[in-house]
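Visitor: Got a structure here, written out as structure tokens. Questions coming.
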Amino acid sequence: MSETYNIKYNRDMHKSYIETSLVAPHLTDEYDFTGAKTVRVSAPLTVPMNDYTRTGANRYGTPTELKDAVQEMTLTQDKSFALTIDKGNSQDKNDTEAFAKKMLSLQLAERAIPEFDKYALDKLSHKGGTIVGSDTALSKTNIVDRITDGTVFLDDAEIAQNNRTLFVNAAAYKLLKLADEFTNVDKIANMTLTKGVVGKFDNMTVVKVPKGRWPENVNFIIVQRAAATAPTTIHDAKVHKDPPGISGNLLEGRNYYDCFVIASRAKGVYVDVDTSKAEICAMPTINDSGVISSTTSSAQFKYTTDGSDPRYSSSAIVGQPSSVGSKVLIKAYAFKEGLFDSPVAEKTTK
């Protein structure tokens, strides 16, 4: 007769998962996905400042109705695994539940977490608020300047200077550690090695990422903690004892997650791309009538007319605006399979 034991994914295991990931500890956890597949985030859109006039009816300027930019974050990565352990296998244990927990931890460490990190870094690199490129390869003579360009951009964009993380691959780290500006953290190495923390640079925590988890053709990524989130939910693991067709145990588990750049804080994700090997879509142009075009062949467009960022807004539309009136603010970006997204262009129609 078969039996089934549910191995609950408890708080301690969730904490261990998050801390073992190279990415999750450095992103915000302020959004609660418990029991939800989609979370809607609204951010009020500000309006330009006017010159105050001392005569007339609208001395403060023409009133504009408050609008919200709505971002829908929907989990898409629903992963699972199944493992059988025959009774004749020497690994089979009498304490089925304890062994199942051990195997779940092993599965997380060797499979789930590396796959999660790879997916999250790929999403950050392709959906970052600022994606810059250079045909010049990173070197020990230019890496400091290139990274500093990123910190200057974040500073000028008034992105919080605390809780910034610099993600690098092993090749970039090798160049960076030759720089005088880089500070090693040997004193806390034993505590931080599992999280990939290898030092500090320009007041940013430096995390070294193995090649297998690193996004292709990306030199480095800077992320301010509040600018992105990587929610993860693992529902449970189940052990079936002697299910039909198996003399032994069947262990099943599930991992549900995703990664999102937060629209209102998108400038806090800065990505440096090697454009000698990859291409960034050219920023589109918008004419006075609202027609969008791009020098990137076969590129598609997403646009908004409510002032929100089309890269993240739930109101974004794919294609060309139609029947757009005058004085309409259009924001648009170009995208194409295999390329990095373009910057956002904007124009008010005449």
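Visitor: Kindly establish whether Ala316 is touching a residue at least 24 places away in the same chain (Cβ under 8 Å) and either crowded, with 16+ Cβ neighbours inside 10 Å or closer than 19 Å to Asn217 by Cβ (or both).
Guide: no
Visitor: Taking segment 101-130 as the search range and keeping residues that are modelled with pLDDT of 90 or more and basic (Lys, Arg), which one is most open to solvent (accessible area, probe 1.4 Å)?
Guide: Filtering first and then ranking leaves Lys118.
Visitor: Modelled with pLDDT of 95 or more, over 24 Å from Ser21 (Cα atoms) and in contact with a Leu (Cβ under 8 Å, 6 or more places away or on another chain): does that describe Arg146?
Guide: yes
Visitor: State the number of residues belonging to segment 108-149 that are more than 30 Å from Phe81 (Cβ to Cβ) and over 11 Å from the mean Cα position of the chain (by Cα).
Guide: Count: 20.
Visitor: Could you please find all residues in segment 295-306 being hydroxyl-bearing (Ser, Thr, Tyr) and either open to solvent by 50 Å² or more (accessible area, probe 1.4 Å) or closer than 25 Å to Arg40 by Cα (or both)?
Guide: Scanning segment 295-306 gives Thr295, Ser297, Ser298, Tyr303, Thr304, Thr305.
The rows are residues; the columns are (1) in contact with an Asp or Glu (Cβ under 8 Å, 6 or more places away or on another chain); (2) open to solvent by less than 10 Å² (accessible area, probe 1.4 Å); (3) touching a residue at least 60 places away in the same chain (Cβ under 8 Å).
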position: Met204; (1), (2), (3): no, yes, no
position: Val209; (1), (2), (3): yes, yes, yes
position: Gly212; (1), (2), (3): no, no, yes
position: Val218; (1), (2), (3): yes, yes, yes
position: Val223; (1), (2), (3): no, yes, yes
position: Ala227; (1), (2), (3): no, yes, yes
position: Thr233; (1), (2), (3): no, no, yes
position: His240; (1), (2), (3): yes, no, yes
position: Pro244; (1), (2), (3): no, no, yes
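Visitor: Can you tell me which residue in segment 150-178 is farthest from the chain's Cα centre (by Cα), limited to those that are under 19 Å from Asp274 (Cβ atoms) and exposed (fewer than 15 other Cβ atoms within 10 Å of the Cβ)?
Guide: Lys174
Visitor: Does segment 323-342 hold any residues that are out of contact with any Cys (no Cβ under 9 Å at 6 or more places or on another chain) and either farther than 22 Å from Leu45 by Cα or not hydroxyl-bearing (Ser, Thr, Tyr) (or both), and which are they?
Guide: Matches in segment 323-342: Ser323, Val324, Gly325, Lys327, Val328, Leu329, Ile330, Lys331, Ala332, Glu337, Gly338.
Visitor: Here is a further query. Just to be sure, is Asp309 farther than 30 Å from Leu83 by Cα and open to solvent by less than 20 Å² (accessible area, probe 1.4 Å)? Quick ask: steps written out before the conclusion?
Guide: Details: farther than 30 Å from Leu83 by Cα: yes; open to solvent by less than 20 Å² (accessible area, probe 1.4 Å): no.
Spelling it out, it is not the case that Asp309 is farther than 30 Å from Leu83 by Cα and open to solvent by less than 20 Å² (accessible area, probe 1.4 Å).
Visitor: List pairs: first in segment 99-118 and in contact (Cβ under 8 Å) with a residue 60 or more places away in the chain and within 18 Å of Phe260 (Cα to Cα), second hydroxyl-bearing (Ser, Thr, Tyr) and assigned to a helix (DSSP H, G or I), Cβ under 6 Å, 6+ apart or cross-chain?
Guide: What qualifies is Ile113/Thr20.
Visitor: A further question on this structure: Inside segment 264-289, can you point out the residues that are polar (S, T, N, Q) and assigned to a loop (DSSP other than H, G, I, E, B)?
Guide: Result: Thr275, Ser276, Asn287, Ser289.
Visitor: On the basis of being modelled with pLDDT of 85 or more and either within 30 Å of Phe220 (Cα to Cα) or among the hydroxyl-bearing types (Ser, Thr, Tyr) (or both), does Thr96 make the cut?
Guide: Answer is no for this residue.
Visitor: Right, another one. Looking at (1) more than 23 Å from Thr76 (Cβ to Cβ); (2) open to solvent by less than 20 Å² (accessible area, probe 1.4 Å), which is the one condition that is false for Pro343?
Guide: Every listed condition holds for Pro343 apart from (2).
Visitor: Could I ask something else about it? Would you please list the contacts, defined by Cβ atoms under 6 Å and residues six or more apart or on different chains, that run from a residue in segment 41-57 that is within 24 Å of Val328 (Cβ to Cβ) and aliphatic (A, V, I, L, M) to a residue that is open to solvent by 70 Å² or more (accessible area, probe 1.4 Å) and in a strand (DSSP E or B)?
Guide: Every condition considered, the pairs that remain are Leu45/Lys67.
Visitor: Within segment 30-40, can you find the residues that are in contact (Cβ under 8 Å) with a residue 24 or more places away in the chain, farther than 16 Å from Ser264 by Cα and of a type in the set (D, E, K, R)?
Guide: Of everything in segment 30-40, just one residue is in contact (Cβ under 8 Å) with a residue 24 or more places away in the chain, farther than 16 Å from Ser264 by Cα and of a type in the set (D, E, K, R), namely Lys37.
Visitor: Would you check if there is a residue in segment 246-261 being touching a residue at least 12 places away in the same chain (Cβ under 8 Å) and over 28 Å from Phe81 (Cβ atoms)?
Guide: Yes, there is a match, as at least one residue in segment 246-261 is touching a residue at least 12 places away in the same chain (Cβ under 8 Å) and over 28 Å from Phe81 (Cβ atoms).
Visitor: Let me confirm something: among Tyr256, Tyr270, which residue is of a type in the set (Ser, Thr, Tyr) and surrounded by 21 or more Cβ atoms within 10 Å (Cβ to Cβ)?
Guide: Just one listed residue meets the conditions, Tyr270.
The values are calculated or read from the model by the stated rules, or taken from the named source; none is laboratory data. All figures in this text were calculated on a predicted structure; none of them were measured in a lab. No Cβ is skipped: glycine too gets one built from the backbone with ideal geometry, and neighbour counts run over all protein chains shown. Just the protein is used for accessible areas: all its heavy atoms, side chains included, with ligands, DNA and RNA removed. Shrake-Rupley method; radii C 1.70, N 1.55, O 1.52, S 1.80 Å.
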